[in-house]
Structures are given as C-alpha cells and as structure tokens.
1. In the stretch 448-455, is there at least one residue being open to solvent by less than 10 Å² (accessible area, probe 1.4 Å), of a type in the set (Lys, Arg) and either modelled with pLDDT of 80 or more or on the phi < 0 side of the Ramachandran plot (or both)?
2. Which of the following residues is closer than 24 Å to ALA410 by Cβ and β-branched (Val, Ile, Thr): VAL206, VAL235?
3. Can you list the helices (runs of 4 or more DSSP H) found entirely within the stretch 273-384 that contain at least 1 residues being closer than 17 Å to GLU454 by Cα?
4. For residues that are surrounded by 16 or more Cβ atoms within 10 Å (Cβ to Cβ) and of a type in the set (Ser, Thr, Tyr), tally how many sit in the stretch 255-308.
Amino acid sequence: MAKSKLTLYIFLALIGGILAGYLYNVKTISPYNNKIYQAETQVKAIQLQMLAIKDTSSAAYQTLKTQKAAQNSIRKENDIIRESKLEYFTMLSDIFLRLIKMIVAPLVFTTLVVGVAKVGDIKAVGRIGGKTMLWFLSATLVSLLLGMVLVNFFQPGKSMHLSLPDEHLQSGIQKTALSLKDFLAHVFPRSFVEAMANNEILQIVVFSLFFGVATAAIGEKGNIIIKAMDAIAHVILKITSYVMYVAPLAVFGAMTAIVAKQGLSVIATYAVFISEFYFALIVLWLVLVLAGFTVLKKRVFTLVNYLKDAMLIAFSTSTSEAAYPRTLIELERFGCKDKIVSFVLPLGYSFNLDGSMMYMTFASLFLAQSYNIHLSFQQQLSMLLVLMLTSKGVAGVPRASLVVIAGTIASFNIPEAGLALLIGIDPLLDMGRSATNVLGNAMATAVVSKWEGELEG
C-alpha cells in the first residue's frame with residue numbers, strides 16, 4: 001500500500017511540476033529565454049559574417065568580434081539569471097541525488113557479499129547451479145545488448161539538446177577512453193575505504209566478490225558474516241525506502257525546472273522515450289519466449305498464459321517481488337519440481353532482472369544522447385559490462401535501476417544531474433520492467449527444469 005501511495009504521490013508531483021513549470025516559464029522565465037535565443041541567433045549571424053571576411057585584422061572583422069563578445073555576454077548574463085530563478089527547484093532534486101549517492105556504495109557491498117556467499121551453495125547442487133547461472137548471464141547480456149542496440153536505433157535523447165556544463169566540456173569525453181593501465185587501476189582498489197569514500201563502484205564490486213567467495217569458502221564460520229551483512233543490507237534497504245519518500249519533492253522540483261527552462265515541448269520527448277522503451281520491452285519478451293521455445297517447444301505458450309496474472313500484479317505494483325508467490329504457484333502448476341523452483345527463482349530475483357537490465361543501458365545512453373556526449377562502440381560495451389557487474393549488487397532494491405545508473409554514468413562523464421530527467425517517468429517505466437522481470441525469471445526456472453528432466457506434463 002505504501003508503494004502504491006508513493007507511486008501516486010510521484011505521479012501527482014509529476015503533473016504538478018509540469019503545471020508549475022509551465023506557469024513559471026510563461027510568467028517568469030520566458031523573457032530570459034527570449035533574450036538568450038535572440039543572443040544565440042545574433043551570434044550565429046555574426047559568425048557567418050566573420051567567415052566571409054578574409055582579413056582578420058580589418059576594422060570590420062574586429063567590430064564583428066566585439067559584437068559577438070557582447071552577444072555572448074548577454075547570453076551568459078541571462079543564463080545566470082535564469083539559473084538563479086530555478087535554483088530553488090533544482091535544489092530539491094539535488095538533495096535526492098545526494099541521498100541516492102549516499103546509499104550506493106554500502107548497498108552494493110552488503111547485498112553483493114550476501115548474494116555471492118549464498119551462490120556458494122551452487123557447488124552443493126553442482127550441475128543445476130551451473131546451468132542456472134549460464135542462463136542468467138546469457139539473458140542479462142542479451143537484455144543489455146538489446147537495450148544498447150535499440151537506444152542507438154531510436155536515439156530518443158537527440159531531441160533534448162541539453163547544454164553540457166563547462167567542466168564536462170573541458171574534461172569530459174576523453175576520460176572515458178581509458179588505457180589498459182588506467183582501466184586496471186580503475187577496477188582494482190588499493191584501499192577499500194578509499195573506494196567506498198569515492199563511490200568507485202567497480203572497485204567495490206571487486207572487493208565484494210573476493211569477500212563473498214571467501215565467506216562462503218570458510219563454511220560455518222562464515223554464517224555469522226552472512227547474517228550480519230544480510231542484517232546491514234536490510235537496514236540500508238530501509239534507508240532506501242526512507243530516501244524514496246523524498247522522490248515526490250525531487251520529481252516536482254526537477255519537472256518544474258525542466259519545463260520552466262525548456263517549455264512544454266520537453267514533454268513530447270518524454271512521450272517518445274516511454275513509447276520506444278515499451279516497444280523495446282516487447283521485443284525483449286519475444287526474444288525470451290523464442291529462447292524458451294527452443295527448449296520447452298509449444299509448452300512455452302502455456303507458461304506465458306499461466307504467468308499473465310503474476311505479470312499483471314508486478315505491473316500494477318511496480319515490483320516483481322509482489323508477484324513472487326503467484327509465480328511460484330504457477331510454475332509448480334506448470335510442472336516444475338519444487339526443488340528446482342525453490343533454488344532457481346530466488347536466485348533469479350538477485351541475478352536475472354531482464355527488464356531492469358535493458359532499462360539500464362537504454363536510460364544511460366539516453367542521458368548521453370541528451371547531453372550530446374558521443375560514446376564509441378567500445379565505450380558503450382564498457383558501460384554494458386560495468387552495468388552487468390554493478391547491477392548484481394542492488395537487484396531487488398526499490399528503484400534499483402536509478403541507483404545503478406547513478407553509480408555508473410559518472411564513470412563516463414555523463415552529468416549526474418541528468419538523472420532528474422528520469423525520476424519523474426521512472427514509475428511508468430518501472431511497471432513494464434517489473435512485469436518483464438517476472439517473465440524472465442519464470443522462463444529461466446522452466447528451462448532449467450526441462451534441462452534437468454524435472455518438468456512434468
């Protein structure tokens with residue numbers, strides 16, 4: 001009930017922010033936007049005139065240069081005034097972003113340690129665990145790749161035309177082209193405390209993997225560590241739920257600032273982004289069903305039919321966890337043995353969130369496009385691999401995708417302020433992601449059951 005109320009408040013804040021932004025744009029910001037637009041138009045016209053003059057030392061050229069500087073000064077002055085008029089709204093989203101960043105490092109560490117330590121039990125079930133992880137990793141990679149391909153095809157961020165802050169213009173895109181030495185230094189921590197302090201997610205993941213594997217390896221002595229980490233993880237998850245209560249204020253502030261600054265035309269871009277993302281999810285559904293068909297044959301359609309209620313629950317509550325009991329019942333009804341379901345399905349909720357995986361590449365590259373930051377194919381693959389690692393640490397967390405994206409885009413010099421573009425529409429997108437996660441986990445469980453000869457009917 002609390003989550004549904006929060007979603008309602010976020011939608012109300014979204015609508016309120018749009019209305020407030022429109023009114024603020026018309027009554028307060030519009031004059032400054034007009035002056036900025038006029039100054040930019042003048043600068044472009046002056047630049048064309050300057051290009052036509054061959055002698056750069058001539059009086060005419062120097063006059064145009066002075067006029068250009070004056071227009072740039074007018075544009076900068078009005079831009080500063082406009083930003084000052086919006087700063088009280090942007091402060092709301094800034095607070096939320098800071099709180100999100102506050103929980104990223106400890107959340108990744110504790111949840112990943114617990115997850116890896118529990119995955120240590122895979123050795124006890126041997127063959128089943130290996131096949132399960134093979135499917136999970138394959139499905140994760142396919143989901144991330146599909147998101148990357150489709151966002152590059154649709155390019156929903158191109159129409160946003162957001163200006164990049166000066167510091168990003170100066171240092172930005174080159175830093176993502178890491179050498180092998182830089183990459184290794186970025187991955188392997190020299191100090192865990194330093195990695196935590198700097199929110200170096202990849203370094204935290206590496207340490208967490210070592211810590212989790214070692215905890216599982218020492219057997220019973222490690223149980224107390226697992227219990228302690230699990231308890232700490234639940235405390236941090238509780239903090240996360242508190243942080244999410246700030247989300248409506250952040251949504252209101254972010255949407256007000258965006259619409260006030262850019263006008264209502266930005267909403268059309270959101271509509272395009274949402275429709276393109278849902279189209280991408282439908283493509284992912286088809287891929288999952290096709291993959292299931294290769295193993296389950298025509299029975300895959302029976303499984304999808306059984307899952308419709310569970311997927312609807314996940315869609316309406318924006319969480320796949322709400323559909324867990326129903327999914328378990330339907331899988332056993334489908335013919336999966338209890339020992340397979342009880343092993344694969346819980347693992348899936350930590351390691352196989354296909355809808356969320358697709359969203360992470362789709363949304364991260366959308367932000368890059370919005371700021372006109374070009375990422376090469378190699379850089380996009382690097383982002384995909386980073387997301388594949390970091391996402392394993394916070395799976396199952398409410399609004400986990402925003403947390404993962406926040407911890408990833410900074411490594412690629414994409415302004416974190418861009419997350420404000422996603423906060424307002426995240427509940428809409430989360431509904432589709434959650435339903436997709438249910439389908440992906442159920443499909444994995446049924447396929448592993450078939451591989452093991454444990455599927456009845």
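The values are calculated or read from the model by the stated rules, or taken from the named source; none is laboratory data. Just so we're clear, the structure is a prediction, and the values are computed from it rather than from any experiment. Glycine gets a Cβ as well: all are built from the backbone with ideal geometry, and neighbour counts include every protein chain shown. With ligands, DNA and RNA removed, areas are computed over all heavy atoms of the protein, side chains included. Shrake-Rupley method; radii C 1.70, N 1.55, O 1.52, S 1.80 Å.
1. no
2. Selected residue: VAL206, the only one of VAL206, VAL235 that is closer than 24 Å to ALA410 by Cβ and β-branched (Val, Ile, Thr).
3. Those helices (runs of 4 or more DSSP H) span 299-317, 324-334, 338-351.
4. Selection size over the stretch 255-308: 4.
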